[in-house]
Structures are given as C-alpha cells and as structure tokens.
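To start, the structure under review is shown below, and the notes come after it.
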Amino acid sequence: MSAVNERKTADAIIVGGGVHGASAAYCLAKSGVDVVLFEREYLSSGGSGRSAAGLRQHFGTEVNCRLAKYNLECFPTLEDELGGEHKLEFTQWGYLWIAYTDESKAQLEKNVALQQGLDIPSENLTPQEIKRRWPYIDVNRMIGGAFCARDGHINPHALTMAYGRAAQKLGARVRTYAPVERLLASGDRIKGVVAAGEEWSAPRVLLTAGPWSTPLAATVGVDLPVTPERHNLLVTEPIEPFECPMTLCLDDGAYFKQVPNGSFFFGRDDQDEPKVFESGNSAKFLEGVTKSVLQRIPSLKGVRVVHQWSGPYDVTPDHQAIIDWAPVEGLWINCGWSGHGLQFGPSGGRLAKEMFFGERTFADIRNFRLSRFAEGDLVIEPAFI
Ligand SMILES: Cc1cc2nc3c(=O)[nH]c(=O)nc-3n(C[C@H](O)[C@H](O)[C@H](O)COP(=O)(O)OP(=O)(O)OC[C@H]3O[C@@H](n4cnc5c(N)ncnc54)[C@H](O)[C@@H]3O)c2cc1C
C-alpha cells in the first residue's frame, strides 16, 4: 500500500516480485533508476518460491548455456554483493542427468558437446562411472548420463528476498500485497499501472509476473503465448548430508536432490497435472514420484515426507523465455521460463537494466524475442523438465 501523499510516479514500474522482478529492481536501482515494484502477495510467492532451485548449465540451446554459465559465475559472490543479510545457501554438489533410452542418451551427448564447446565443464558418464562416484544410486537399466560438477543449488526465497532488500536499500520502492489490476496505455504507449486501486504512472513498465503476465499483458492488447502448468515437489525430513547431486531423468522427468539442511526434494514432470495458476496437492504425484525416485535411490526408503508444495511453470511453446519489448511502447517483458527460470535471476536483472538504457545486451537473446511465435521461428529447448 502507498502512503497518502506518496508520489505515484516512477522512471520504471516492475510488475511481479519473483526472482526476475526483484533482480531487475536491484539492477535498475543500482543504476540510479527510480523504480517501484508491485507484488500481489509477498516476494517469491509465485514460481520462484516453489522452485526446486537447481542451478545448471546443462541446456541444449546455445543461448541458455551461455546465460546459465554467466549466472553460475555470479552466484558464488552474490550473497556478499546483496549485503549478506540473507543466507543464500549456494552449494555446488553438481547436476547429474540420467538416461534409460537411446534417444535420451543421444540428446544428453549432443547437449554435452554443445556445452563443452562453450567451456562448460560437463562430461558424459557411463552407468559404471555413475555407480563409482555415487554408490547409493541404482544404475540398473541405466544406459548413460551427463554431469557438471559446478552446478548446484540456492535457496530461492532467500535469493529473491535478498534482491528485494538490496533494491530497497538503493532506493527502490517495493510494494508487497499490492496487486496490479491492469496496465495502462495511451494509444500504443505504456502509461503506468493500476495497483491496489491506485493509478501509478511511468514511461516504462517491466512485466515479470510469471504465468500471470499473460492476463496482465492482455489488458493493453498484448498476446503472450504463456500458459500455467502445475508442478509439484515433495520434501523429506532432513537426514545426514551426503551431498547428493541433483539427479534428473530425461525419460520420465523425475528428479531428486539433497539440500544443505539434509532434506531431499523429489519432483516429477506429470503432464496430467492441471494447467492452472493455483497450487494444490495431488496424491497421484506423491505415489508416482516416490516410486520413480526410490527405484533410483533405494536407500531413501522409509525417509519421512514432511511436506509437499506445488507452483505454476510459465510455459511457452518452445520452452524458451520471452525477453523483449512489447508492441506497446515502453512495455518490456521477461517471462515464460518454462520451469528453469530461477537460475536465470541474475542475468534477468542485468538484461532489464541494459534494455532500459537502450544498451547492447551482454548476451544474444534473439531466440527470446516475442515475434518468433508469429514468425513460426522457434528454437526448442530440449533440456526441459
Ligand atoms: C515445482 C517447481 C520446480 C522448479 N524447479 C526449478 C529449478 O530447479 N531450477 C530453476 O531454475 N527453476 C525452477 N523452477 C522454475 C522457476 O521457479 C521459475 O522459472 C522462476 O522462479 C520464474 O521467476 P519469475 O520471477 O519469472 O516468476 P515468479 O516467481 O512466478 O514471479 C511472478 C510474481 O508475480 C506476482 N504477480 C502475479 N500477478 C500479479 C499482479 N497482478 N500484480 C503484482 N504481482 C503479481 C506473483 O505473485 C509472483 O510473485 C521450478 C518451478 C516449480 C513450480
């Protein structure tokens, strides 16, 4: 909520306080931009806070590999950069992909070749090598894998909060429990937003509202092909940490990993889950995910489940993000991360700042342009879960 006499103008308004909105607020405020961020609930209450927070450089398209590499370079020093108030729990226990079919194995090998060409230290592993490094993983029927030891984990709430706090310290106004009802345009130029019942004006508005970006963009006639898709996660009681890497199966989309407090996360892609914004619980998920994961790490049998959560992916037809200026002048968009966007938080902020100032972006993000859907020029990200 705003104070009665508060100035309701800004250089830039950000809609959505997930990791991308908070990082953008930080980067813009650091560059002296007068910025206001509106978040409908609390920071990280959307996909960011529901994330498994795996950080990986294993992608199958160059743009994602390059950006992921940049982000992995940012994470080790980010806690200090953002003031140290929030412990980010950054760990590098690695990220292991496993394959049970020739098709998946071939895809992993293709991805690793791309990554190695970009100086990402990924490697192909045989089931025997996997067994040797992680004896607790059952390699029965497994035919191959890919591993990157520099990949890891971060606490997604702390990351988003840390960005929000650092932005505030630099003068950004962060308004939580302040939903944006609609965007405001005059002709084909953005004018501001209506937030918590009040009109705010700004010549630039950044939309970082995850899947909710679609209905918000529609309020100024912009069509985004971004749809919600519910994904679940299960959390176990903490057990003795043995630095189990994120282990993910390309064939059935099931994954598990240990986080620094010792808990395990289990997740699984299930295309039968409802395509909705709302979170919810599904017994089918619990049954399916435990069955898949316990086959791969049988020693976890008997570990107690302490909770389950779900959240929406913001999915595009090619599983690539949209980072671009919209057809409405002054409106720019960063959404559509299709389930792998948390790790791109630092680059999201940097790109937002570069685009605001009309600078050349540090990475080639042509694949993320909005017009690609109308042009039918899609480059599909194959490392999608
Ligand atoms: C189960 C699960 C596992 C995942 N695992 C990983 C992973 O391992 N690694 C990874 O990198 N990514 C993962 N992701 C994906 C990742 O969480 C998202 O891609 C990323 O967090 C998107 O961040 P964002 O800032 O774009 O959007 P969000 O975090 O969704 O933020 C959007 C924000 O906008 C707010 N909002 C909505 N409407 C309004 C409004 N009208 N006014 C104001 N604010 C509004 C929402 O409340 C929300 O806080 C996972 C996601 C899920 C659900």
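Restricted to the range 295-374, the set of strands (runs of 3 or more DSSP E) holding at least 2 residues that are surrounded by fewer than 16 Cβ atoms within 10 Å (Cβ to Cβ) comprises 305-315. Any residue in the range 110-133 that is closer than 30 Å to I14 by Cα and not β-branched (V, I, T)? Taking every residue of the range 110-133 in turn, none turns out to be closer than 30 Å to I14 by Cα and not β-branched (V, I, T). Tell me yes or no: at least one residue of the range 355-372 is of a type outside the set (S, T, N, Q), within 13 Å of the ligand (Cβ to nearest atom) and either closer than 30 Å to A12 by Cα or touching a helix residue (DSSP H, G or I) at 6+ places or on another chain (Cβ under 7 Å) (or both). So far as the range 355-372 goes, yes, one or more of its residues are of a type outside the set (S, T, N, Q), within 13 Å of the ligand (Cβ to nearest atom) and either closer than 30 Å to A12 by Cα or touching a helix residue (DSSP H, G or I) at 6+ places or on another chain (Cβ under 7 Å) (or both).
Taking the conditions (1) under 22 Å from the mean Cα position of the chain (by Cα); (2) closer than 18 Å to L159 by Cβ; (3) touching a residue at least 40 places away in the same chain (Cβ under 8 Å) in turn, K30 satisfies each one other than (1). The single condition among (1) in a strand (DSSP E or B); (2) out of contact with any Leu (no Cβ under 9 Å at 6 or more places or on another chain) that V276 does not satisfy is (1).
When F285 is tested against (1) modelled with pLDDT of 95 or more; (2) of a type in the set (F, W, Y); (3) surrounded by 22 or more Cβ atoms within 10 Å (Cβ to Cβ), just one condition goes unmet, and that condition is (1). Taken together, the residues in the range 1-28 that are more than 9 Å from the ligand (Cβ to nearest atom) and either open to solvent by 10 Å² or more (accessible area, probe 1.4 Å) or more than 20 Å from M161 (Cβ to Cβ) (or both) amount to 15. As a summary of the residue check, V379 satisfies the conditions (1) out of contact with any helix residue (DSSP H, G or I) (no Cβ under 6 Å at 6 or more places or on another chain); (2) open to solvent by 50 Å² or more (accessible area, probe 1.4 Å) except for the one numbered (1).
Each row is one residue, and each column tells you yes or no for (1) within 16 Å of the ligand (Cβ to nearest atom); (2) open to solvent by 60 Å² or more (accessible area, probe 1.4 Å); (3) hydroxyl-bearing (S, T, Y).
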residue	(1), (2), (3)
E89	yes, yes, no
D102	no, yes, no
I130	no, no, no
R133	no, yes, no
I137	no, no, no
A158	yes, no, no
A167	yes, no, no
R173	yes, no, no
P179	yes, no, no
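Residues that are open to solvent by 10 Å² or more (accessible area, probe 1.4 Å) and among the small types (G, A, S) within the range 203-220 comprise A209, G210, A218, listed in sequence order.
The values are calculated or read from the model by the stated rules, or taken from the named source; none is laboratory data. What you are looking at is a predicted structure, and each value in this text was computed from that prediction instead of being measured. Here Cβ is always computed from backbone atoms with ideal geometry, including for glycine, and neighbour counts include all displayed protein chains. Note: accessible area is taken over every heavy atom of the protein model, side chains too, but ligands, DNA and RNA are not part of it. Shrake-Rupley method; radii C 1.70, N 1.55, O 1.52, S 1.80 Å.
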